[in-house]
Amino acid sequence: MGFNTGLSGLRAAAVDLDVTGNNIANASTVGFKGSRVQFGDLYASGFLSGGSNTVGDGVNVQDIKQSFSQGNISFTDSGLDMAIEGDGFFILNNGGETRYSRAGQFTIDKDGFVVNNQSMRVQGYTADGDGNLSGIRGDLEVATDNLAPRRTTNLRSDLNLDSRQSVLESRVRDVGPLAFGSVSGEQFSVTYSDGTPAYPVDLSGLTTARQAADKLTAAPGLSASATTTAQVPLTDADIAAAGGAFTFDLSVNGAPLQLDTSNVSTLDDLRAAINRSSDTAISAAIVDDGSGNDVLRVTHNQGENLDITYTGGSVSETGDINVTGDRTIANVNPVGASGTNFVTEYGQSPIRITNEFSAQDQRTYNHATSTSIFDSLGNSHELTQFFVKEPSPGNGVGVSEWSVYLQIDGEMAAGTDTTPFTARFDQNGTLQSIDGNPNGEILISDWVPKDKNGQPNGADGPPAPGAAVVTPIPEPPTSSAFVLNLGETTQYGAAFGVDDQRQNGYTTGRLSGLDVSGEGTLFARYTNGQSKALGQVALAAFNNTNGLSPVGDTSWVETFESGQAIIGQPGTGTLGGIKASSVEESNVDLSAELVNLIIAQRNYQANAKTIETSDAVTQTIINLR
């Protein structure tokens with residue numbers, strides 16, 4: 001009868017209206033997936049063949065299918081909101097029950113777990129204390145405690161040292177005093193490391209130390225001075241014993257010096273008489289002869305010969321020579337067998353730096369740069385690197401050298417107060433080595449962290465005496481030792497510049513914000529400028545997504561038809577990526593649903609008309625007489 005056919009149509013149309021209404025109601029629900037009704041016709045059938053009634057018995061609702069097509073992604077102002085761009089579901093822990101959802105509106109509960117609006121905990125891959133992600137899946141948790149400090153164990157400085165800089169230090173050799181008689185008549189040559197032609201020096205035929213000093217000063221890079229000192233073994237008793245007959249005659253290079261000794265009765269009177277002389281190059285003083293006796297010392301500060309005759313004795317001196325040689329001199333070589341004394345004295349004389357490096361004097365270094373490092377308590381300290389250009393070794397072709405000094409909080413470090421590190425560069429400006437280390441590493445193992453008053457602050461100090469320190473510093477570190485890596489430092493003809501400078505230490509920090517990457521990794525930002533991975537969101541996919549069973553709260557559960565979940569990291573396999581600070585809107589097309597609503601209404605009215613017509617026909621039959 002048409003009653004059953006119309007009734008099935010009414011039921012089907014009512015279901016269609018319900019599904020369409022549900023879609024419309026959830027048009028603004030985040031992560032919602034719209035549904036559609038699938039109908040099937042009804043025909044009577046027998047056991048082995050079709051029934052004889054081929055007219056049909058109406059309509060049947062076969063299934064209600066959800067559409068898992070991608071919804072629009074809209075941005076939000078919440079850092080923990082996430083949208084899946086592509087395939088996959090968020091995995092939620094609902095008190096032990098596992099649910100799956102596309103709604104990524106997440107927040108943090110009172111216990112620090114990442115949850116959705118229904119307090120279901122978001123599942124993901126956890127991270128260790130250093131931010132290293134693991135393959136262990138669990139509830140994502142945001143630790144709100146302070147980030148513990150980390151001491152500096154490695155500092156990398158990528159610099160360019162200006163090859164056009166000049167050598168600042170002045171290094172000299174002090175030779176002398178040399179007795180005039182020991183070098184008189186010698187011949188030798190002075191050679192230079194800066195390309196200056198060799199200079200011959202001939203001290204033959206000279207009669208005074210002053211003449212020898214003038215010859216030496218004429219050589220480039222040499223500066224000489226001469227003095228003549230005569231010690232006269234006179235005492236007050238000697239002068240008193242001579243009475244008024246005391247005599248004292250002084251000649252400079254054979255020329256008598258006019259002295260008034262008529263009123264001399266003591267050694268001090270004689271000293272004053274000599275100092276009153278018209279020859280200002282002459283001076284006299286009373287000194288101890290080493291035995292407790294005061295004697296007279298006469299000096300000629302230009303190196304002329306002194307001849308002294310006095311009552312009871314005489315003294316004759318030819319003078320001494322003092323020589324200073326600058327750093328451009330490569331060597332002093334004798335000519336033949338001559339010049340041995342001067343050559344030997346020059347070669348054995350130590351080098352003296354006249355303007356030695358000083359961190360307080362900018363004139364003594366070419367470049368400097370500072371950066372912060374941290375001790376085991378998270379206290380900040382300032383490390384300053386100073387670079388001083390040195391003369392090129394050898395002939396100066398194809399190699400350059402710089403001295404490296406280190407200072408921490410105003411105190412020299414790594415022994416550079418006495419011996420700086422030497423950085424050597426090749427002809428291309430590339431670092432060859434630092435103190436022979438081709439890696440360009442400098443180990444600082446003598447640092448004692450101190451407070452602002454210069455006292456140890458309680459942080460870890462240097463390694464114990466005799467303890468071996470290896471690089472890189474192994475974890476966990478147990479001392480204040482750290483490595484300065486200058487391996488990428490260059491020496492080009494360009495201005496000094498710091499290309500990159502980074503170190504791995506930091507002070508303690510408080511949580512200041514959260515970020516989410518495109519791979520679903522949660523990063524915590526701290527007030528000390530650090531960030532650390534807290535975990536990574538896990539996504540699940542299914543072989544038959546339509547087999548999932550909706551359980552409300554915009555979530556689904558796994559069923560036999562869906563198959564087991566395939567879980568992985570976002571962006572791997574068929575899983576989609578993550579859009580941070582975004583949500584996926586409902587995929588309901590509101591315009592289409594309104595049209596479907598009209599269609600369902602017409603269908604319902606039409607089926608009702610079928611019942612009405614069947615009723616009229618039946619009434620007609622009943623009214624037959």
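Some notes on this structure:
- Consider the range 139-166 and keep the residues that are in contact (Cβ under 8 Å) with a residue 60 or more places away in the chain and under 18 Å from Phe90 (Cβ atoms). The one that is surrounded by the most Cβ atoms within 10 Å (Cβ to Cβ) is Leu140.
- Enumeration of residues in the range 235-247 that are surrounded by 14 or more Cβ atoms within 10 Å (Cβ to Cβ) and either in contact (Cβ under 8 Å) with a residue 60 or more places away in the chain or of a type in the set (Val, Ile, Thr) (or both): Thr235, Asp238, Ile239, Ala242, Phe246
- Residue check, Val298 more than 23 Å from Ser170 (Cα to Cα) and aliphatic (A, V, I, L, M): yes
- Every residue from the range 430-450 that is in a strand (DSSP E or B) and touching a residue at least 40 places away in the same chain (Cβ under 8 Å): Thr430, Leu431, Ile434, Glu441, Ile442, Leu443, Ile444, Lys450
- Matching strands (runs of 3 or more DSSP E) fully within the range 535-625 where at least 2 residues are touching a Lys or Arg at 6+ places or on another chain (Cβ under 8 Å): 555-557
- Test: residue in the range 94-101 that is out of contact with any strand residue (DSSP E or B) (no Cβ under 6 Å at 6 or more places or on another chain), closer than 17 Å to Glu585 by Cβ and at pLDDT 80 or above: no
- Any strands (runs of 3 or more DSSP E) falling wholly within the range 117-217 and containing at least 2 residues that are of a type outside the set (Ser, Thr, Tyr) and more than 42 Å from the chain's Cα centre (by Cα): 171-179, 187-192, 199-202
- Just one of the numbered conditions (1) in contact (Cβ under 8 Å) with a residue 24 or more places away in the chain; (2) in contact with a Ser or Thr (Cβ under 6 Å, 6 or more places away or on another chain) is not true of Ile136: (1).
- Conditions (1) at pLDDT below 80; (2) loosely packed, with under 12 Cβ neighbours inside 10 Å: number failed by Ser614: (2)
- Taking first residues from the range 534-553 that are of a type in the set (A, V, I, L, M, F, W, C) and partners that are exposed (fewer than 14 other Cβ atoms within 10 Å of the Cβ), the Cβ contacts under 6 Å between residues at least 6 apart in sequence or on separate chains come to Ala541/Thr574.
- Cβ-Cβ contacts under 7 Å between residues 6 or more apart (or on different chains), taken from a first residue in the range 7-24 that is touching a residue at least 12 places away in the same chain (Cβ under 8 Å) to a second residue that is charged (D, E, K, R), are listed as Val19/Arg36; Thr20/Glu593; Asn23/Glu593; Ile24/Glu593.
- Residue ID - modelled with the lowest pLDDT, chosen from residues in the range 42-81 that are more than 29 Å from Asn607 (Cα to Cα) and touching an Asp or Glu at 6+ places or on another chain (Cβ under 9 Å): Gly79
- Checked against (1) within 30 Å of Gly576 (Cα to Cα); (2) assigned to a loop (DSSP other than H, G, I, E, B), Ala467 passes all but condition (1).
- Subset of the range 81-116 (residues that are over 22 Å from Asn543 (Cβ atoms) and either aromatic (Phe, Trp, Tyr) or assigned to a strand (DSSP E or B) (or both)): Met82, Ala83, Asn93, Asn94, Phe106, Thr107, Ile108, Phe113, Val114, Val115
- Of all the listed residues (Asn453, Asn457, Asn485), the sole one being farther than 30 Å from Ser166 by Cβ, in the same structural domain as Gly378 (by TED's automatic domain parsing), touching a residue at least 60 places away in the same chain (Cβ under 8 Å) and out of contact with any Phe, Trp or Tyr (no Cβ under 9 Å at 6 or more places or on another chain) is Asn457.
- Hits in the range 534-551 (condition: exposed (fewer than 15 other Cβ atoms within 10 Å of the Cβ) and either closer than 10 Å to Ser101 by Cα or in contact with a helix residue (DSSP H, G or I) (Cβ under 8 Å, 6 or more places away or on another chain) (or both)): Pro550
- Residues of the range 455-477 satisfying the condition of being surrounded by 11 or more Cβ atoms within 10 Å (Cβ to Cβ) and at positive phi: Gly458
- Selection count, the range 257-305, where residues are touching a strand residue (DSSP E or B) at 6+ places or on another chain (Cβ under 8 Å), over 16 Å from Ile239 (Cβ atoms), of a type in the set (D, E, K, R) and part of a loop (DSSP other than H, G, I, E, B): 2
- With respect to (1) surrounded by fewer than 14 Cβ atoms within 10 Å (Cβ to Cβ); (2) without any contact (Cβ under 8 Å) to a residue 24 or more places away in the chain, the lone exception for Phe75 is condition (2).
- The range 518-529, residues that are over 16 Å from Val122 (Cα atoms), touching a residue at least 24 places away in the same chain (Cβ under 8 Å) and surrounded by fewer than 16 Cβ atoms within 10 Å (Cβ to Cβ): Gly518
- Tallying residues that are surrounded by 15 or more Cβ atoms within 10 Å (Cβ to Cβ), closer than 27 Å to Ser225 by Cβ and within 36 Å of the chain's Cα centre (by Cα) within the range 323-381 yields 1.
- Take the conditions (1) buried (at least 17 other Cβ atoms within 10 Å of the Cβ); (2) in a loop (DSSP other than H, G, I, E, B); Leu250 misses just one of them, which is (2).
- Count - residues of the range 563-595 that are in contact with a strand residue (DSSP E or B) (Cβ under 8 Å, 6 or more places away or on another chain) and of a type in the set (S, T, N, Q): 4
The values are calculated or read from the model by the stated rules, or taken from the named source; none is laboratory data. Worth saying up front: this structure is predicted, and the values here are computed from it rather than measured. Quick reminder, even Gly has a Cβ in these numbers, built from the backbone with ideal geometry, and neighbours come from all protein chains shown.
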